[in-house]
1. Rounded to the nearest 20 Debye, what is the dipole magnitude of the stretch 53-112 about its Cα centre when Lys and Arg each give +1 and Asp and Glu each give -1 at the C-beta?
2. Express the accessible area of the stretch 71-127 per residue in Å², computed with a 1.4 Å probe while the remaining protein chains stay in the model.
3. Short version: ³J(HN,Hα) in whole Hz for each residue of the stretch 428-435, in order, from phi by Karplus 6.51 cos²θ - 1.76 cosθ + 1.60 (θ = phi - 60°), x for Gly and Pro, what are they?
4. Running Debye on the stretch 470-617 with equal point scatterers at the Cα sites and no solvent, what base-10 log of I(q)/I(0) appears at q = 0.15, 0.17, 0.20 Å⁻¹?
5. Hand me the trypsin sites (Lys or Arg not before Pro) from the stretch 80-114 located in a DSSP loop with no more than 11 other Cβ atoms within 10 Å, in residue order please.
6. Show me, for the stretch 76-93, the HN-Hα J-couplings you get by feeding each phi into the Karplus relation (A = 6.51, B = -1.76, C = 1.60, θ = phi - 60°), rounded to Hz, glycine and proline as x.
7. Would you mind checking the pairs K451/K476; K329/K367; K163/K420 and listing those with alpha carbons more than 26 angstrom apart?
8. Give the carbon-plus-sulfur fraction of the accessible surface of the stretch 399-455 in %, rounded to a whole number; probe 1.4 Å, heavy atoms of protein chains only.
Amino acid sequence: MGYMEEFRQGMHGRMPGVYYHAGKLRFWAVSEEKGTCDLLLFQKGMDTAAKRLPMRRIGSGSLFYAELSKKTAELYETYLYENENGCFSDLYAKRVCGREKFGVSAKEVRPALLQQEEAEAETAFVCPDFSSLVFYKLHVRGFTKHTSSGVRQKGTFAGLMEKIPYLQELGINAVLLMPVYEFDECMEVSKSRGPLSAKQLAQYEERYGSGFVKAQQAYEQDYEEIRTVEKVNYWGYTGSNNFYFAPKAAYAADPADAAAELRRCVAALHEAGIAVFFEFFFHAEERQGLILDCLRYWTYAYGADGFRLIGERLPMRLLLEDFYLSGVKFLVTEYDGSIQKTSGDFTDRRVAVYNDRFRNVMRRFVKGDENMVGEFLERLRSDAPGFAQIQYIADQNGFSLYDLYAYDRKHNEANGEENKDGENYNYSWNCGIEGETAKKKISMLRARLRKNALSTVFLSQSVPLLFAGDEFAHTKKGNNNAYCQDNEVSWLNWRFNKERREEFSFVKELISFRKSHGILCGARNLRGSDWKEIGLPDISYHGVMLWQPDFASCSRSVAVLLCGSYAKQEKEEDIYLLFNMLWEPLCFALPEKTGIYRKTGNWEVALDTSGDCEMLRTEEGKQYAFTADCPAGELFCKAPARSVVVLVRSGEQEEEAPCLQKESGKEPLQ
């Protein structure tokens with residue numbers, strides 16, 4: 001018996017909702033009231049119920065049951081339940097009528113009857129471990145809605161499917177979709193019927209007697225009200241009027257068949273080797289049982305690989321211990337690792353923490369704030385005991401990556417809240433001019449800072465996340481809280497991908513570099529010690545001179561050596577990361593096969609955010625500004641101002657390498 005069949009029959013006490021079973025449409029409703037509960041059936045376009053069916057209470061509980069033959073069910077389009085307190089909707093509805101167009105407020109929104117049996121997800125995709133994932137977060141509508149997207153079905157699941165080759169080219173293997181369930185985006189709705197014309201007034205006075213009031217009352221009864229949406233919640237993080245089991249009809253090319261289109265989209269992403277995670281926002285009062293049922297349903301009906309859960313009082317223990325969800329991963333805001341016991345290996349971790357701590361530290365470091373080197377290294381190296389960590393520099397909440405280095409302050413006037421909404425502290429820097437500029441020098445500096453920022457994400461030790469459009473520097477014009485901007489502020493302008501192709505290529509190369517070096521995305525945390533006794537720690541920190549990191553408050557640079565011998569494939573290249581956030585160039589000494597480090601091969605530049613780094617070797621009797629006392633033959637790399645340089649070195653470890661402790665007389669740097 002498949003899961004969907006088990007779900008329909010309700011293995012754990014019949015679950016609420018509507019299901020086809022044995023040729024009949026079965027309704028299970030929850031009514032907490034002591035009285036009766038009726039099923040109301042509506043025909044297409046009708047405001048009043050065409051049929052009322054009393055429902056049978058199951059035992060002495062709050063669950064009620066009714067059923068229809070398939071032939072009878074085909075006569076009706078929507079349904080409601082009614083108890084002594086009035087009509088109410090089915091929160092377990094799989095389809096909804098009245099929200100087919102995004103941002104259009106319907107007079108009535110009702111659950112729709114299923115016209116056929118539900119399908120199960122057709123994929124056997126196995127989601128990779130957190131250590132192997134590269135996330136790409138996107139808004140399904142905004143991803144392809146812009147005229148420049150080049151897809152046929154703009155702003156839909158079908159449009160996303162057309163962009164799968166793009167995601168593959170970039171190197172993405174996991175997408176995180178902002179809410180795609182049936183949320184109510186219409187936040188502020190004004191209702192009117194328009195003023196009476198002189199002709200209409202005369203007609204109504206003739207029918208109902210003189211007097212404007214009586215005529216107006218009659219007019220309001222006869223004429224359809226005009227509902228104008230003044231503001232939408234574009235993101236979808238709404239706390240009421242949500243149908244969590246129904247995919248959003250407005251995101252489908254065929255709104256009447258959104259479920260099938262979403263199922264095809266997920267299957268196509270899986271076929272391309274891309275895992276699919278869904279975001280859900282649950283308000284604090286939501287029943288924990290509904291949350292569990294919802295995530296179970298999306299796992300087996302749509303093939304979800306994981307969920308990002310937002311809200312208070314989330315039942316994490318219930319979710320992690322549920323055997324139906326045993327293969328599902330979770331992204332949460334806070335987690336202490338106490339529920340799921342792990343071996344310390346990323347491969348059995350099912351929870352990742354998604355919050356802004358990494359983001360804020362990296363923004364400040366890249367901007368050049370004081371006293372950031374220590375915090376930067378702490379965030380660069382993941383050391384969470386029982387969970388993974390999602391690392392990102394920008395997402396929907398706050399400045400886009402482009403705006404981070406184009407604006408000092410937020411510009412949210414278009415939101416209609418007098419620029420009082422949104423975060424005031426963005427750790428951004430406009431590089432001297434607020435907003436757009438034609439000055440080439442400033443534009444080049446901004447581009448370099450964007451590359452620096454993304455380098456901190458993809459060279460870190462945990463799970464990287466890229467927000468859609470940041471790979472080609474999409475701008476939201478300084479709006480750092482574009483939750484209500486269903487327009488070109490939020491829609492990706494794909495022309496930037498052509499104009500800024502060099503930046504796209506850099507991000508593509510950065511992702512490829514990460515995926516090809518296991519030391520960056522290893523299954524275990526790096527310890528900072530020589531635990532293999534090969535003469536070098538797995539990770540070590542340095543300054544412009546080896547083994548001398550500068551943690552002073554005025555320091556804005558650091559180097560990180562990652563030993564490839566600690567990767568899963570032990571013969572990987574070593575990596576030397578140079579971070580120079582100072583406004584002047586710095587020369588960093590490079591480890592060679594002298595002293596404690598004895599490995600063959602030459603250092604080569606793999607990535608350089610400036611494009612201008614230089615390799616220098618000291619000569620006898622020559623003075624160098626970057627070091628007062630340096631023996632001849634030492635190798636240095638000159639990292640330009642505000643740049644990140646990545647060096648790699650292949651080769652074999654020389655035999656009988658002296659251990660670090662004996663050579664230096666010091667303990668390894670932790």
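1. Result for the stretch 53-112 is approximately 180 debye, rounded to the nearest 20.
2. About 51 Å² of surface per residue is accessible.
3. Running phi through 6.51 cos²θ - 1.76 cosθ + 1.60 with θ = phi - 60° gives 9, 8, 7, 6, x, 9, 7, x Hz.
4. Treating every Cα as an identical point scatterer, log10 I(q)/I(0) equals -0.94, -1.08, -1.28.
5. Passing both the DSSP loop test and the Cβ count: K101, K107.
6. 3J(HN,Hα) across the stretch 76-93, in whole Hz: 10, 10, 10, 8, 9, 10, 9, 10, 5, 8, x, 7, 8, 8, 8, 5, 9, 4.
7. Going by Cα-Cα distance, K329/K367; K163/K420 fall outside the 26 Å limit.
8. Exposed carbon and sulfur together represent 51 percent of the surface.
The values are calculated or read from the model by the stated rules, or taken from the named source; none is laboratory data. These numbers were taken from a predicted model, which means no experiment stands behind them. Cβ coordinates were reconstructed from backbone atoms using ideal geometry, including for glycine residues, and neighbour counts include every protein chain displayed. Note: areas computed on protein heavy atoms with side chains; ligands, DNA, RNA excluded. Shrake-Rupley method; radii C 1.70, N 1.55, O 1.52, S 1.80 Å.
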